[in-house]
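Novice: Here it is: the structure, laid out below.
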Amino acid sequence: MKEIKVFESEEQQEKPKEKQSECPPVKKEEKQLQDFREDSGKNQELEDLRKASERNQQKRKQNNSLLEDEKLLKLESALENTIQQLADFEEKQSSQPGVSDGIMTDGVPDQEYSEFADEEEGWSFFGRKKKEKNAEGNTTGPGSHERENEGSGSSEVEYENDEDPDTDYEYSDIEDEELESEEFSGDAEGADDEDEDDLGDVYYLQSAAYRRRAKRTLTYEQREARRKARIAAFWDFADRKRKQIRWGVIGVLVLIAATVTSFVVKNWTYHSVKELVYSDKEDTLSVSYENINGKILKYGVDSAMLVDHGNTMLWTVSYDMNAPSVVLCGETFAVYDSKGTSIIICNELGQIGAVATDMPVVKVKISKQGTVAAILEDGQKTWIKCYKKDGSEIATLKTTFTNPGYPMDIALSADGSLMAVNYLYLDNGTPVSRVAFYNFGTVGQNQKDNLVAQTEYRDRILPEAEYLDGKNCVVFREDGFSVFTGSQIPMESVKVEVEQSIVSTFYDSEYIGLVLRNRNSEMDYLICVYNKRGREILRKETDFHYQSIDFNGNQILLSSRDEFCVYNLQGVEQYRDSLEIPARVFKGFGRNKFIYVSEDVFRIVQIS
């Protein structure tokens, strides 16, 4: 029984193995059919992809054919132009001796610009050398080499600047390869847009190549014209540089000459005196002299006469005065009788007016228009009156010692619209000085007594005032001076103070001078000169004992009866000498010229 069971179990164990190994034929056919269907589906997909690829290739070829048609038209036009240029060049080449394959420049072929060189020597049609290199590395042309493509025996030629002249710069092969290598994806509209962009790029490359080729394919005349233009531009540039250098050198020389001249003039000295005018037929004892703008005014008790620099009389005027004095303002001047009542107004042409006062005259100032301001005294009262040149009164001011004070001096502006008065009065025994400005124009009409400004100085005396020009008035103090500036309402703009005592003052239209007592020095005097802004331009010690000092142009003249001395504004002593005959008058008469009057002799002298 046991053996039967064992046998049955073995058969049972073998039966399933037979089932597994024996695979019925029906099931195998079904599996093969299923596999075939799957392969057929894949083939259909491949076929669809192939057809889509063919359609894309066909579309691409259509686009390429359109592109090639347009490029062929451009190539035909470019080829015709090139052939015509070649024919023209050959005609010119045959007509010029010494010119063969290249352009001759000074007898030497210009290989750099030769456009139609021999191709057998390795030169391209447009003058660029090919770089060819064989498999062994040998070169067939200067600067050329050849390389083999991997997996093929064909060679590829490289060119300078990545340009192939044999293709006439069409870039057709390059663009074809690029277009074929691109993958067309998406719908037809996307492919059309991409083709249009590529077409535009090709047009741009063709136009750029054409421009470069046209630039290289210049004719002989064009290159000669360019060379001549470059030469002309070079010489024009050189000429401009020469002019700049020449003017620079001239400027430097002028600057050096001006510097040297200025130095020489500043330090120039004189050593002799020359007589320009001599007259011994004059009554010099009763006549005084003034310089009137390069002319000489001779005036006495009964007349005044104006003469030129040659002592020739220009005009004369008669009057009757006991103590004549003269005040000036440019070319206009007034001769008045001190302590008298007569004022004669004149200019270079003669008498232009006269004023008769009702009180004795103490001081007079005049403007360029002939307006006169005068200080008049009448016992305990003092009057200030302004007159026109016809004698009519403009304004009258009554003054007393207490209010507004005693008038020490007056000054009149050049146009006569402003008048400055230095007053002095006592305040509890302390002297107080006041500078008052009166405006006779529209600004002062609304002010009491036309008074527009005033400034006080306690414990100071202001002995003198003078208008330097139309708007600057200098007022001298015991300890310096002040400058008031303004054409309508003057205000103090400059204040200069000195420690030494003031010996003398002098001025002109540009400068203000002080002579100070020089302490603790061997020199007795210190000359200080300032401009109208208060800046000191000269400080010079001197031991010259003078009787008068004044400006003579840009010189300072110091004189006495027996000698005179001349300084310039840099402090250089230009001349100093004694006088053979004592002088009654020694005045400046322009640069280096002087009026020298002694007893019975009138001279005009010049230092040299």
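The values are calculated or read from the model by the stated rules, or taken from the named source; none is laboratory data. As the structure is a prediction and not an experimental result, all values here were calculated from the model. Counting neighbours? That spans all protein chains shown, and the Cβs are built from the backbone with ideal geometry, glycine included. Heavy atoms of the whole protein, side chains included, go into the accessibility calculation; ligands, DNA and RNA do not. Shrake-Rupley method; radii C 1.70, N 1.55, O 1.52, S 1.80 Å.
Novice: Among the strands (runs of 3 or more DSSP E) confined wholly to region 457-530, which include 1 or more residues that are within 23 Å of K363 (Cα to Cα) and open to solvent by 20 Å² or more (accessible area, probe 1.4 Å)?
Specialist: Output list reads 464-467, 502-507.
Novice: So N568 passes all but one of these: (1) surrounded by 17 or more Cβ atoms within 10 Å (Cβ to Cβ); (2) under 21 Å from Y507 (Cβ atoms); (3) at pLDDT below 90. Which condition number does it fail?
Specialist: For N568, the exception is condition (3).
Novice: For region 383-393, indicate whether the set of residues that are on the phi < 0 side of the Ramachandran plot and free of Cβ contacts under 8 Å to residues at least 24 places away in the same chain is non-empty.
Specialist: Taking every residue of region 383-393 in turn, at least one turns out to be on the phi < 0 side of the Ramachandran plot and free of Cβ contacts under 8 Å to residues at least 24 places away in the same chain.
Novice: Considering only region 257-347, give the strands (runs of 3 or more DSSP E) lying wholly within it that have at least 3 residues that are closer than 27 Å to S578 by Cα.
Specialist: Answer list for region 257-347: 273-279, 288-292, 295-299.
Novice: When region 381-434 is examined, which residues are found to be farther than 30 Å from C346 by Cα, open to solvent by 10 Å² or more (accessible area, probe 1.4 Å), in contact with a Phe, Trp or Tyr (Cβ under 8 Å, 6 or more places away or on another chain) and not in a strand (DSSP E or B)?
Specialist: F401, T402, N403
Novice: Go over the candidates D302, D308 one by one and state the one that is among the acidic types (D, E) and over 26 Å from S509 (Cα atoms).
Specialist: Sole residue among the options that is among the acidic types (D, E) and over 26 Å from S509 (Cα atoms): D302.
Novice: Need the failing condition index for N347 against (1) out of contact with any Pro (no Cβ under 7 Å at 6 or more places or on another chain); (2) farther than 25 Å from F589 by Cβ; (3) of a type outside the set (D, E, K, R), just the number.
Specialist: It is condition (2) that N347 fails.
Novice: For region 440-456, what are the residues that are open to solvent by 50 Å² or more (accessible area, probe 1.4 Å), in contact with a Lys or Arg (Cβ under 9 Å, 6 or more places away or on another chain) and not charged (D, E, K, R)?
Specialist: Residue satisfying the conditions is Q454 alone.
Novice: For K266, are the conditions met, namely being of a type in the set (K, R), modelled with pLDDT of 90 or more and either within 46 Å of the chain's Cα centre (by Cα) or within 22 Å of Y567 (Cα to Cα) (or both)?
Specialist: No; evaluated as a whole, the condition is false for this residue.
Novice: Suppose the filter is farther than 17 Å from A374 by Cα, out of contact with any Lys or Arg (no Cβ under 6 Å at 6 or more places or on another chain) and either among the polar types (S, T, N, Q) or open to solvent by less than 20 Å² (accessible area, probe 1.4 Å) (or both); does F437 pass it?
Specialist: The answer is no for F437.
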